[in-house]
Amino acid sequence: MRMYVAGEWRSADREDEIRSPWSGEVVDTVPRASAADAERAVAAAVQGALAMRRLTAYDRQQILNRAADLLEDACEDVARTISLEEGKPLSEALGEARRTPDLIRLAASEGARMHGETLPLDAAAGAEGKLGFTLRVPCGVVVAIAPFNYPLLLVAHKLAPALAAGNAVVLKPASQTPLTALKLTELLLAAGLPTNALQTITGSGGELGPALCSDERVRKISFTGSVDVGRMIAGAAGVKKLSLELGANCPVIVLPDADLDEVAAATAAGGYVNAGQVCISVQRVIVDERAYGDFLEALRTRVEAIAIGDPLAEGTQLAALVSEGEAERVEGTIRGAVDAGARLLTGGSRDRGVVAPAVVADVPEETALWRDELFGPAVAVRPVSGVEEAIAVANDTRYGLGAGIFTRDVTSAMRFVREVDAGNLHVNWTPLWRADLMPYGGLKGSGIGKEGPRYAVEEMTELKTVVFHGVNGGGS
Ligand code: NAD
């Protein structure tokens, strides 16, 4: 496919092959954009921002609703592209494709609700007779940089609110998964989006990112990805609005009154969906020692039943990670924990890009498997003496995206909600759950800002304060 910059589908001198993580076959090629393409994209987006500003909220809503309808019709084709380029099972890709039209419609309606408020200026000394209010306006040019793991959903979580709010966007999809984003771009244009309102530029984040992020014509950066890249972007951004949705290492607490079969079933989904390549994947399970042995056995049984295979084959639940290099990294992290004294109950072996889903018990706290983000199909488990220790262990991380607790005890659940430092807290489920309307974003090292259409529209707009002074500065 070609990239879409300055109103044209363009190629470049260099091309990148997009390969299926499962088969290694080339799915397609995309241009590797140059610094000159990045410059062209921002310049065109400046024009696009003017065109978007002239559209009414009604027009923007109509365009996005049409795009949602087109995507609904194209769901199966788009899901196949997601599965081919990212490697996730087709059933999961279909789930991703089917929920995205509603997300776009939701953003469209939020864009039609960009309220300001009246200001009670007469409550200020000397402000008698003046009229004040706020106006919410688009930022202008938004740079959206997306990760590989949800090539449609996480791109839509940026594009739809940005466009709904009246911005132009320069989208840089992940280098591994640009094809889905290019298909979404086609649908948005077919729905009537003004030519320069969207630039979808493909290529290396390391080459394009610094130029896009430091450009003073860009007012807002919306980034989802790793902490390391997030830090570089924050350094390059200068004076801009920033949303950073970064990495995580999500804990789940299991208290002895929980239904352990239910917890095991939820963990066997929450730790291994998309081969664990989800920012809200279950990574650490912190179990009251009274339930520890029974929980480990229930989880091992469930995880051993996960069906590994070709992502396009019916019934497959787990396939390759996004690359063989990632699979090697995950295998090495699991091995490192075992070398440090952890017990491998199942899985952990690697065959090219596939890592067999693993359960690792008694994981020492100083290991990378316990401390860092894994982004792979393994769950680390440790026993604790009760809720107090469980909360302390859950909080002992630089991350704070999601957390869960399983208990019927309201007092423990309330303590968990109050004391665990995470942006999304789930009582009687794992953190791997999201409704697209929710505010969604991390505390601590997991980032700044919230996604979810209502919150993203707010973050992709600016507030102007207006004061009418009346004739001769007075008024009545
Ligand atoms: P990544 O940080 O490697 O890449 C993300 C994007 O940044 C890609 O488009 C990449 O091309 C681009 N990029 C790379 N270098 C850049 C630079 N110097 N400047 C600007 N952009 C640059 O992340 P990934 O491997 O694609 O995704 C996995 C990470 O994303 C994990 O850490 C995961 O937790 C995180 N993630 C977070 C959330 C969330 O909502 N918090 C959701 C999904 C993924």
If one compares the long axis through the Cα atoms of helix 153-164 with the longest principal axis of the Cα atoms of the chain, the angle in degrees, nearest 10, works out at 20 degrees
Full-extension gain in nm, A36 to A127, via 0.36 nm per residue minus C-alpha separation
27.6 nm
Heavy atoms of D409: accessible area, 1.4 Å probe, square angstrom to 10:
60 Å²
Just how much of I308 is accessible, in Å², when a 1.4 Å probe is used and the result is rounded to the nearest 10?
80 Å²
Flagged links, alpha-carbon separation over 18 Å, of K172/K464; K158/K241; K172/K220; K241/K450; K220/K450
K172/K464
Label-point separation in nm, V137 to K444, each point 7 Å along Cα→Cβ:
4.0 nm
If you count only protein heavy atoms with a 1.4 Å probe, what accessible area per residue comes out for the chain, rounded to a whole Å²?
40 Å²
Enumerate the amide H contacts of A378 below 5 Å, restricted to partners 5 or more residues apart or on another chain; note that Pro and chain-start residues carry no placed amide H.
A358
Between the alpha-carbon centers of the range 183-228 and the range 1-51, tell me the distance in whole angstrom.
10 Å
Considering only protein heavy atoms and a probe of 1.4 Å, how much of the accessible area of the chain is carbon and sulfur, as a whole percent?
51 percent
Amide H neighbours of N428 under 5 Å, counting only residues 5+ apart in sequence or on other chains, H built in-plane at 1.01 Å?
I405, F406, T407
If you plug each phi of the range 62-70 into the Karplus form 6.51 cos²θ - 1.76 cosθ + 1.60 with θ = phi - 60°, what whole-Hz ³J(HN,Hα) values come out, in order, with x for Gly and Pro?
4, 4, 5, 5, 5, 4, 4, 5, 5
What is the sum of charges, Lys and Arg at +1 and Asp and Glu at -1, for the other residues whose Cβ falls under 13 Å from the Cβ of A57?
+3
What does the convex hull of the Cα atoms come to per residue for the range 318-476, in Å³?
194 Å³
With 0.36 nm assigned to each residue of separation and the Cα-Cα distance removed, R343 to T465 gains 37.9 nm
Between the DSSP loop rule and a limit of at most 16 other Cβ atoms within 10 Å, which GluC sites (Glu not before Pro) in the range 385-453 are left?
none
Compare Y150, Y399 by solvent-accessible area with a 1.4 Å probe and give them largest first, with all protein chains kept in place.
Y150, Y399
Here the range 108-121 yields Karplus 3J(HN,Hα) values (6.51, -1.76, 1.60; θ = phi - 60°; whole Hz; Gly and Pro given as x) of 4, 6, 5, x, 8, 10, 8, 7, x, 8, 7, 10, x, 5
Quick check: with the 1.4 Å probe, what order do K183, K88, K444 take by accessible area, largest first?
K444, K183, K88
Spelling it out for C250: with amide H atoms placed in the peptide plane at 1.01 Å from N, the residues 5 or more places away or on another chain with amide H under 5 Å from its amide H are Q283, R284
Roughly how many whole Å is it from the C-alpha centroid of the range 419-435 to that of the range 280-331?
19 Å
Point-to-point label distance, D351-S11, nm (Cα→Cβ direction, 7 Å offset):
3.8 nm
Positive-end residue, the chain charge dipole about Cα centroid, Cβ charges, pick of L153, A266, P311:
L153
Quick check for me: using +1 on Lys/Arg Cβ and -1 on Asp/Glu Cβ, what's the dipole size of the chain about its Cα centre, in debye to the nearest 20?
1620 debye
Given labels modelled 7 Å from the Cα in the Cβ direction, how far is it in nm from N428 to S204?
5.2 nm
Treating each Cα of the range 52-196 as an identical point scatterer and ignoring solvent, apply the Debye formula and state log10 I(q)/I(0) at q = 0.11, 0.13, 0.15, 0.16 Å⁻¹.
-0.46, -0.59, -0.72, -0.80
Computed FRET efficiency, Cβ-Cβ of R113 and L50, R0 25 Å: what is it to the nearest 0.05?
0.60
Under Karplus coefficients 6.51, -1.76 and 1.60, residue-wise ³J(HN,Hα) of the range 264-279 in Hz, glycine/proline x
5, 5, 5, 6, 5, 8, x, x, 10, 4, 6, 6, x, 8, 9, 5
Got a sec? Charge dipole of the chain, +1 on Cβ for Lys and Arg, -1 for Asp and Glu; which of V471, I63, S23 is way out at the positive end?
V471
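The values are calculated or read from the model by the stated rules, or taken from the named source; none is laboratory data. Since the model is a prediction, treat every value here as computed from it, not as a measurement. Note: ideal-geometry Cβ built from the backbone for every residue, glycine included; neighbour counts use all protein chains shown. Protein only, heavy atoms only, side chains kept; ligands, DNA and RNA dropped before computing areas. Shrake-Rupley method; radii C 1.70, N 1.55, O 1.52, S 1.80 Å.
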